[in-house]
Every structure is written in C-alpha cells, then in structure tokens.
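Trainee: Could you have a look at this structure, given as structure tokens, before my questions?
Taken together, the values in this text are just the output of simple stated rules run on the coordinates, not laboratory data. Not measured: the values here are computed from a predicted model. Cβ coordinates were reconstructed from backbone atoms using ideal geometry, including for glycine residues, and neighbour counts include every protein chain displayed.
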Amino acid sequence: MNQILLVSAFIFLVSCSSQKRLERMQESISNSRENAQVEFDKIDAASVAADVEYLSSDALAGRDTGSKGINLAAYYLQEQFQQMKIEPFFESYRDLFQVEGKDAFNVVAMLPGTDREMQKEIVVIGAHYDHIGMVQAVAGDSIANGANDNATGTATVMAMAKILKQADFNRRTVVFALFSAEEKGLLGSKHLAQRMKQDGHDVVAMLNFEMTGTPMVNRPYLAYLTGHDLSNMAEVFNTSNIQRQVTGKLDQAATYNLFMRSDNYPFYNAFQVPAQTFSTFDFTNFDHYHKVGDEFALVDTSHMAELINALMPGVFAVVNGDRLIMKPTADE
C-alpha cells in the first residue's frame, strides 16, 4: 500500500512539474505577443561560418544537382541533423526525385510537435542547398561556389534547427527542408510540396531563406520579405522582437517578382498558406550572383548571426502561436 502511495505521489509530482513547464512556455508565448521577449540560446558567427565555409568550399565544386559535390553536401547536412538528434521526416533524410535522368534529393528533417492538437499542423523552414556548379573560368577559377547563394540560407536553417531543438518546445511540427534543383526551376521544392500535399499533411506556413550573407544598405530593417503584403508574416516577426525592426518591404522584390522565384512559391501554390522568403540581397550589396566570385570570404557571418537571433522570436511565434493569415486583397 505504501509503495502504491509513493508511486502515486511520484506521478503527481512529475505531472505537476510537466504542467508547470508547459505553463511557463505558454506564458512565454503570451509574452512574445505582448512584449516580444522570449529568451533563446544565441547562435554565434563561428557556428554559422562553419556551415557556410564547408558548403561553399572548392571540394563541393559548386553543388550542382546530380553531382558528387551536392552528394557531399547532403551527407554533411544529414550528419548535422543526426548530431542534433533531429529525426528524418520520411524514412530517411533524403527525399529522392529525378532531374534530367539523374538522382536528386532534398534533405528533410523534423521536430515533432509537442501539442496533441497543434502537432498535426506543420511549419516548413527551408532553403535550397544546390548551386550551379562549374562555369566559364575567370582568372583560372571555374567553380561557382555559391556561398551567398545559397550556403547562407542553408546555414540559416541549420542554425534555427539547432536553436529550436535546444528550446525543446514547438507546439506545431517543424519540418526543415533543404532543397536541391532550385537553380533548375524550383524542382526540389515543387516535388516536396506536392508529395506533402498528396500525403495529406497540413502545412500552415512556410519560411524560406535565400541569400542572407550580406547586410542591407541604408535600411531600418534586417531583411526583406517577398510577397510582403500577402500575409501578416511581417507583422508577426516585427511585433515579436521589440529590439529592432526585423523585416520590411523592398520594392525591387515586387519589380522582379521574387515571390514566385524561390522555394516558398510551390508551397504557396500547393497549400494556399503564408509561404514567403526572407533575404538580405538588395541588388546593391552583392555583385557576384551566379559568378565564381561568390566565395566564403565575402560572407558576413556576424551579420548572419545577428539576423538569425533577431528572427527567432518570430519563428517561435509562428511555430507556437496563432496561425498566420493570408491577405487575399493584396496587390503583390
């Protein structure tokens, strides 16, 4: 009888402890809406630099889809997820599809949701990890390393995965998707969006990261958001961080139709939910797009760390708070 009482008391204490932890986290969510103060482990420039430097190294030869180099990149990303103890979304980390008769693969991992009801809803956090491979030589260099495009976006996703894993609280399921064949027409993201739609997954938002390696020039915000007026995503990110304005609207994004030119767009098409891209490439701060000069040495990893840390309260709000909403009357 005493043993039964002891076990019951233990279960009661554990239950109380879990409930208190849940209440604390829910209070943090509430506070994030009211005063934008949620504490996270900070990512540092060195951690970001390690990912960007490897992915843009000559050994990967520009990470062209179907190449040995992108295969090495995929192994690297899989190992990072394994070390973080973040499980694959499918039976393995590789989401296989075909491009021009060659095997291509997205790398897809997940953090299962912690809320019994909300875990059925999925937030996709993504970036493409491929680039264009080898190009015409300039001064003997023919490798388009793709440091800013898009090793930086990939490193941003990996950093967010690490922070969310350490936070150990995501009410919705989070899928980390690193796409191949973006440079060949968004083929990797189209494949994954269609597969998730066919499998009946409930994607409620998609956050995409593209060319985040150089700070914007003379802007009050850190990054712009494509399709800025299509949803309340910008508002959520800006109200979730009282330290500074996180994101804003760049006119050139609409002029060049960037909303439809990155991996957010297939998810918008498939699920008709807020699916947008964050970027810091403002058409004045980087001169090496699809050129051999897109090297690691030009990436500002301190800026990247600042951006990631500033974005995290908004990411936390999207993963745990009210669902983002579309604005169907927007002009963009």
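Trainee: Only Cα pairs under 8 Å and at least 6 apart count here; give the relative contact order of the chain as a rounded whole percent.
Mentor: Values: 673 pairs, mean separation 75.2, N = 332.
It comes to 23 percent, rounded to a whole number.
Trainee: Among Tyr265, Tyr221, which comes first, then next, by fewest other beta-carbon atoms within 10 Å?
Mentor: Values: Tyr265 24, Tyr221 19.
Going from sparsest to densest Cβ surroundings: Tyr221, Tyr265.
Trainee: Rounding to the nearest 20 debye, state how big the charge dipole of the stretch 176-292 is about its Cα centre with +1 on each Lys and Arg Cβ and -1 on each Asp and Glu Cβ. Write down the numbers at each step before the final one.
Mentor: Values: 9 positive and 11 negative charges, 18 e Å.
The dipole magnitude comes to about 80 debye.
Trainee: Take each complete run of DSSP H in the chain, measure how far its Cα atoms stretch along the helix's own axis, and keep only those covering 27 Å or more with mean Kyte-Doolittle hydropathy at least -0.5; list them. Mind showing how you got there, number by number?
Mentor: Values: long enough: 2-34 (47 Å, -0.06); 301-320 (28 Å, 0.97).
Correct list, ordered by number: 2-34, 301-320.
Trainee: Please state, rounded to one decimal and in Å, the Kirkwood hydrodynamic radius that the stretch 105-237 gives when every pair of distinct Cα atoms enters the mean of 1/r. Walk me through the numbers before you get to the answer.
Mentor: Numbers: mean 1/r = 0.0608 Å⁻¹.
Value: 16.4 Å, from the Cα pair sum.
Trainee: Report ³J(HN,Hα) in whole Hz for each residue of the stretch 133-138, in order, from the Karplus equation J = 6.51 cos²θ - 1.76 cosθ + 1.60 where θ = phi - 60°; Gly and Pro get x.
Mentor: With coefficients 6.51, -1.76 and 1.60, one gets x, 9, 10, 4, 5, 10 Hz.
Trainee: Connecting C-alpha atoms closer than 10 Å in a GNM of the chain, tell me which of Val204, Val138, Val157 has the biggest fluctuation.
Mentor: Residue with maximal mean-square fluctuation among Val204, Val138, Val157: Val138.
Trainee: Oh, and also: Where nothing but the Cβ of Lys and Arg (+1) and of Asp and Glu (-1) is charged, how large is the charge dipole of the stretch 41-320 around its Cα centre, in debye to the nearest 20? Can you show the working numbers first?
Mentor: Working: 21 positive and 34 negative charges, 114 e Å.
Rounded to the nearest 20 debye, it is 540 debye.
Trainee: Now for a separate question. Considering only DSSP beta bridges whose two residues both sit in the chain, what percent are antiparallel, to the nearest 5? Mind showing how you got there, number by number?
Mentor: Details: 18 of 38 bridges.
Expressed as a percentage, antiparallel bridges in the chain total about 45.
Trainee: Pop a pseudo-label 7 angstrom from the Cα along the beta-carbon direction at both Asn71 and Asp202 and give the gap in nm to one decimal.
Mentor: Label at Asn71, label at Asp202, 4.0 nm between them.
Trainee: Mark the label point 7 Å from the Cα of Ala297 along Cα→Cβ and return the residues of the stretch 60-78 whose backbone N is within less than 19 Å of it.
Mentor: 60-62
Trainee: Shifting gears a bit: For a quick check, take a GNM of the chain with Cα springs below 10 Å and name the residue from Asp294, Asp282, Asp322 with the largest mean-square fluctuation.
Mentor: Asp322
Trainee: I've got another one for you. How much of the calculated P(r) for the stretch 271-327 lies past 16 Å, in percent of all Cα pairs?
Mentor: Numbers: 985 of 1596 pairs.
Value for the stretch 271-327 (Cα pairs over 16 Å): 62 percent.
Trainee: For Ile125, Ile308, which order do you get if you count the other beta carbons within 10 Å of each Cβ and list the fewest first? Mind dumping the intermediate values first?
Mentor: Working: Ile125 23, Ile308 27.
Exposure proxy ranking, most exposed first: Ile125, Ile308.
Trainee: Would you order Glu117, Glu210, Glu53 from fewest to most other beta-carbon atoms within 10 Å of each residue's own beta-carbon? Don't skip to the end; give the middle numbers.
Mentor: Details: Glu117 9, Glu210 26, Glu53 17.
Neighbour counts put them in this order, fewest first: Glu117, Glu53, Glu210.
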